[in-house]
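**Q** Before anything else, here's the structure in question.
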Amino acid sequence: MHLPRSVFSERQIDILLWLLRVNNVVDVPSVKSVKLIKDAIQRLCGIRSIPYEGALGHRYYVNSLPDIIWQEMMNPRVRPLLHFYPEDTGVELNEARQATCWLEELDPELLTPVVRLHNQDFFVFEPALLSSGQACIPFRWFTHGGKMYTKAWSLRPVTRELDCGWVVEDFRSFEVSEDDLLVSFRNWDSSEATSGLPRANSIYGRTLTNPSEGNQWHVRASGARVYAMPLWLYCDDTSGNLSKKWNKHNSFLFIAAGLPQAEVHREYSIHFLCTLNLAPPLEMLDGIVDQLEESWKQGIWAWDCVHEEYVLVIPSILALLGDNPHANVESNPARAAAARPEDTDHSVGEETMEEMVTRVKRFVKIGEPRHKNETIAELKSMFTHASTVGNQTQIKQRKTSMGIKDTFLDSFLNRLAESYCKIQGGNKAKQEALDRVKETLPENVISPVWRIKGIDPHTDTLVEILHTVLLGFVKYLWRDVVSVRIGKDKLKCELLETHLSSVDVSGLGLSHLAGHTLVQYAGSLVGRDFRAIAQVAPFILHDLVPTECYDTWVALSNLIPLIWQPEIEDSMEHLRNLTTSINNFLACTARWTPRWFNKPKFHILLHVVDHIRRFGPAALFATEAFESFNAVIRAKSIHSNHRAPSRDIARSFAHGSRIRHILSGA
C-alpha cells in the first residue's frame, strides 16, 4: 500500500479486495479495516510525522529523525554495515570515515565517546590509567589496523597545599592503543593499580566534564553503549507534477555516512525527512535542526540488533549535499552573493584587458576562507541595523561588500523595512511601527543552518560533481560544439554523428552510442549521455573543432576519471594529480575564451580537492541516488490530494519506512 515505487489509492485497494472475495477468499477485510490495522501497526513500530509552524508562516511536516535512526539500529540488513568510529588508513582513502573531517576535525562531542574494553567503558574527557602507569585523558577514538586507538592528553600529578591532583597538559597529544588502557574513570578508586595516585576527580582547571560524574553521556547511558551516527544531509528541489509544468517541491533527505560506499547509493539507504511546495528549504530546515538539537541533549535510545541491547545514539551532520546552485542560494546562503564575485566589480562599461586578466586570475584561485562565527556575527549585526529606521541602504551595501546574504534573514529584514514604508510622519512614528513588527519575529532570525553543531556551511557544503561536471562543463561544451563549432555545417554534423556511432565503447561498459540522437538533441540530454560523451570526446572531436576547444575537451576527459575515482590508494599523490588536472583544464578553458568563467561552476571546481581530502572520494557525495529518489517523491505528490502535500507525502513515506522495517526482518 505504501511501497516506495508502488502507490495504491483506496479505490485500487477496494478492487484488489473485491478480486479476493469473488475468488472465494474468506475473511477478506474491508478498506476501512485495512486502514485501521495499518494505523495500529504504524503506532507500534512506525515513525511519526511531526507538524511544525514555520517561521515564515508555512505549516509543514517532518518525519521523526530519532524514529528513523531507531529503525536503522534494529535493522539486521543495515546495522551490521554501520561504522561508528573514524578509521586511520594512512594514505588510502575509500570511505568517509577515513577522511580528515571525521578522523581529525569533527567536534569530539559529536563523535562516539566510548569504547568497551576489558569489561570497562573508557569515555572521552575522563581520566584513564595506562599499563605504563601514566595517566591520560582520551579525547578522540579511532580504529587502525583492526584495533582501537585514542588521541589523548597527558595528566601530570601536582601537589597544592594539603591536596594533590592532576593538571591536563592539553597543549600536546599522543596516541594510545587499546592494549595500553588499564583502568577507566569509574574503576579508578577500586583498582590496586591506582593506589598512591591522586583521585580521578581531582583535576585542576578542568571544565570539560563534571569531575565527580564524568562524561555527560556516561551519566545518561547508565552502562549502555553510546554511538555517534554522522549523516549526509541532502536538499534539492523537484517537480511534484507528472507533466512538464513545474511544481517545485523542496525536499530534505539523508543517508547514514557510516555505511560503506557500496551501500551509500542504494535507494534502500535513503531516508525522507520533509518536503513542501510552498515553504523555502531553510524554513523546513528549522524543524530538522530542532530535532537534532533535542537529540544532542538527550540522545536517541534504540535497540541494537547486533549486541542485542539498548544503546544511546548521537546523530550529527557530516556535510550538506545538493545541487550547488541550489545549495548556495537556498541551503548555504552565505555563499549566494559571493558565487559571482566578478559581478560586483564591473556593473557597467567594458573591462580592459588588464582588468579581465585580474578578474580571471582571481576567479581561478581559492580566496580567503570565511569562518562561521564571523558570518554569524555579521548577520546579527545586519539585523541590529535593520531594527533602526533608515539603515536599509547601509545594509544593502554591507551585503554587497561582504558577499554575505542569508535568504532566511532577508525575509525578516524585508518585513522590518516594509513595516514603516507607508507611515507618514517623523522617524519616531516609523520606529514605533518597526518595533511592533520586530516583537512578532521569532527568536532565531538567521538561517537554521548556522545552528547545526559541527557544521560550517562555508566549508561543509560539498561540490556536487553531477551538476558541476557532467551537467555543467560537459553539457556546456557539448552544446557549444554542436550549436557553435559545427553549427549549420552539414558535412561536419554528419561526420560527428558517424564518429559517435562508429566508436567502439564495449570496453567502457556502455551500449552502442546513437550518434544522431546525441547531436540532434544536444539540448535535451541527461547525465548518462554526458558521461558517455566525456569518455569518447577526444576521439570523436579530433579535426572537427578548433585546437583550443579540442585541448579543453582533452583536459576535461583527463580530469573526470580523477574526480570519479571511487577508491584512492594514495590520497596524497591522487590529490596532487587532481590539482594539476584541474589547473590544466582551467588554463585550457581560459586560453580558449575567458567568457566561460561567467559560469560559477568553473570556480566551484577548485574546492573539490579539499572536499575529497576531508570527506572521501567524490563518488561518496555524488547525488545521483538522491536525484533518482526524486521520482519517488514525485509519485507521492501525484497520488496525494494536494490539499496538504507536506503532511500526505511525509505520512506516505512514514508508512513506507514501516513496511521496509518489517520486511527487513527487524
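The values are calculated or read from the model by the stated rules, or taken from the named source; none is laboratory data. Keep in mind that what you see is a predicted model, and the values were worked out from it rather than measured. Don't worry about glycine lacking a Cβ; one is built from the backbone with ideal geometry, like all the others, and counts go over all protein chains shown.
**Q** Name the single residue, out of those in segment 313-341 being in a loop (DSSP other than H, G, I, E, B) and at pLDDT below 50, that is nearest to PRO369 (Cα to Cα). Before the answer, list the steps.
**A** Within segment 313-341, the first condition is being in a loop (DSSP other than H, G, I, E, B), and the residues that meet it are 322-323, 332, 336-340.
The next check asks that each one be at pLDDT below 50; those that pass are 332, 336-340.
Values: ASN332: 15, ALA336: 15, ALA337: 15, ALA338: 12, ALA339: 13, ARG340: 16 Å.
Per the criteria, the residue is ALA338.
**Q** Shifting gears a bit: Please count how many residues of segment 76-112 are polar (S, T, N, Q), outside any loop (DSSP other than H, G, I, E, B) and either crowded, with 20+ Cβ neighbours inside 10 Å or in contact with a Pro (Cβ under 8 Å, 6 or more places away or on another chain) (or both). Walk me through how you get there before you give the answer.
**A** Going residue by residue through segment 76-112, those that are polar (S, T, N, Q) are 89, 94, 98, 100, 112.
Filter once more, keeping what is outside any loop (DSSP other than H, G, I, E, B): 98, 100.
Checking which are either crowded, with 20+ Cβ neighbours inside 10 Å or in contact with a Pro (Cβ under 8 Å, 6 or more places away or on another chain) (or both) leaves us with 98.
Result for segment 76-112: 1.
So that you can scan it fast, the table gives a plain yes or no per residue for (1) closer than 21 Å to GLU293 by Cβ; (2) free of Cβ contacts under 8 Å to residues at least 24 places away in the same chain; (3) in the same structural domain as PRO600 (by TED's automatic domain parsing):
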{"residue": "THR358", "(1), (2), (3)": "no, yes, no"}
{"residue": "PHE412", "(1), (2), (3)": "yes, no, no"}
{"residue": "ALA417", "(1), (2), (3)": "no, no, no"}
{"residue": "CYS421", "(1), (2), (3)": "no, yes, no"}
{"residue": "LEU434", "(1), (2), (3)": "no, no, no"}
{"residue": "VAL437", "(1), (2), (3)": "no, yes, no"}
{"residue": "LEU441", "(1), (2), (3)": "yes, no, no"}
{"residue": "ILE455", "(1), (2), (3)": "yes, no, no"}
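**Q** If you scan segment 545-572, which residues turn out to be without any contact (Cβ under 8 Å) to a residue 60 or more places away in the chain and either of a type outside the set (A, V, I, L, M, F, W, C) or farther than 10 Å from PHE585 by Cβ (or both)?
**A** Correct list: THR547, GLU548, TYR550, ASP551, SER557, ASN558, PRO561, LEU562, GLN565.
Yes or no, residue by residue, for (1) touching a residue at least 60 places away in the same chain (Cβ under 8 Å); (2) among the aliphatic types (A, V, I, L, M):
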residue: SER49; (1), (2): yes, no
residue: GLY57; (1), (2): no, no
residue: TYR61; (1), (2): yes, no
residue: SER64; (1), (2): yes, no
residue: ILE69; (1), (2): yes, yes
residue: ASN75; (1), (2): yes, no
residue: LEU93; (1), (2): yes, yes
residue: ASP121; (1), (2): yes, no
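**Q** Does TYR310 qualify as being in a strand (DSSP E or B), surrounded by fewer than 18 Cβ atoms within 10 Å (Cβ to Cβ) and out of contact with any helix residue (DSSP H, G or I) (no Cβ under 7 Å at 6 or more places or on another chain)? First the steps, then the outcome.
**A** Values: in a strand (DSSP E or B): yes; surrounded by fewer than 18 Cβ atoms within 10 Å (Cβ to Cβ): yes; out of contact with any helix residue (DSSP H, G or I) (no Cβ under 7 Å at 6 or more places or on another chain): yes.
For TYR310, the condition - in a strand (DSSP E or B), surrounded by fewer than 18 Cβ atoms within 10 Å (Cβ to Cβ) and out of contact with any helix residue (DSSP H, G or I) (no Cβ under 7 Å at 6 or more places or on another chain) - is met.
**Q** Something else: Look at segment 190-209 and say how many of its residues are charged (D, E, K, R) and at pLDDT 90 or above. Quick ask: steps written out before the conclusion?
**A** First, the residues of segment 190-209 that are charged (D, E, K, R): 192, 199, 206.
Then drop every residue that is not at pLDDT 90 or above, which leaves 192, 199.
Number of matching residues: 2.
Okay, residues lined up against (1) of a type in the set (S, T, N, Q); (2) at pLDDT 95 or above; (3) farther than 15 Å from ALA228 by Cα:
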| site | (1), (2), (3) |
| --- | --- |
| THR112 | yes, yes, no |
| ASN119 | yes, no, yes |
| VAL124 | no, yes, no |
| PHE142 | no, yes, no |
| TYR149 | no, yes, yes |
| PRO157 | no, no, yes |
| LEU162 | no, no, yes |
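**Q** Related question: Could you check THR459 against (1) closer than 21 Å to ALA319 by Cβ; (2) in contact with a helix residue (DSSP H, G or I) (Cβ under 7 Å, 6 or more places away or on another chain); (3) surrounded by fewer than 20 Cβ atoms within 10 Å (Cβ to Cβ) and say which number it fails?
**A** Every listed condition holds for THR459 apart from (2).
**Q** Here's another thing I want to ask about it. Is it true that some residue in segment 652-665 is farther than 22 Å from ILE50 by Cα, outside the structural domain of LEU575 (by TED's automatic domain parsing), assigned to a loop (DSSP other than H, G, I, E, B) and not aromatic (Phe, Trp, Tyr)?
**A** Yes, that holds for at least one residue.
**Q** Which of the residues belonging to segment 284-309 are among the aliphatic types (A, V, I, L, M) and under 17 Å from GLU72 (Cα atoms)?
**A** The initial filter retains those residues of segment 284-309 that are among the aliphatic types (A, V, I, L, M), namely 284-285, 288-289, 292, 300, 302, 306.
Within segment 284-309, LEU292, ILE300, ALA302, VAL306 qualify.
**Q** Related question: Take the residues of segment 539-568 that are among the aromatic types (Phe, Trp, Tyr) and more than 15 Å from THR579 (Cα to Cα): which is surrounded by the most Cβ atoms within 10 Å (Cβ to Cβ)? Explain how you work it out, then say what you get.
**A** Taking segment 539-568 and keeping what is among the aromatic types (Phe, Trp, Tyr), we get 539, 550, 553, 564.
Cutting the leftovers down to more than 15 Å from THR579 (Cα to Cα) gives us 539, 550, 553.
Numbers: PHE539: 13, TYR550: 20, TRP553: 25.
Looking at the filtered set, the residue picked out is TRP553.
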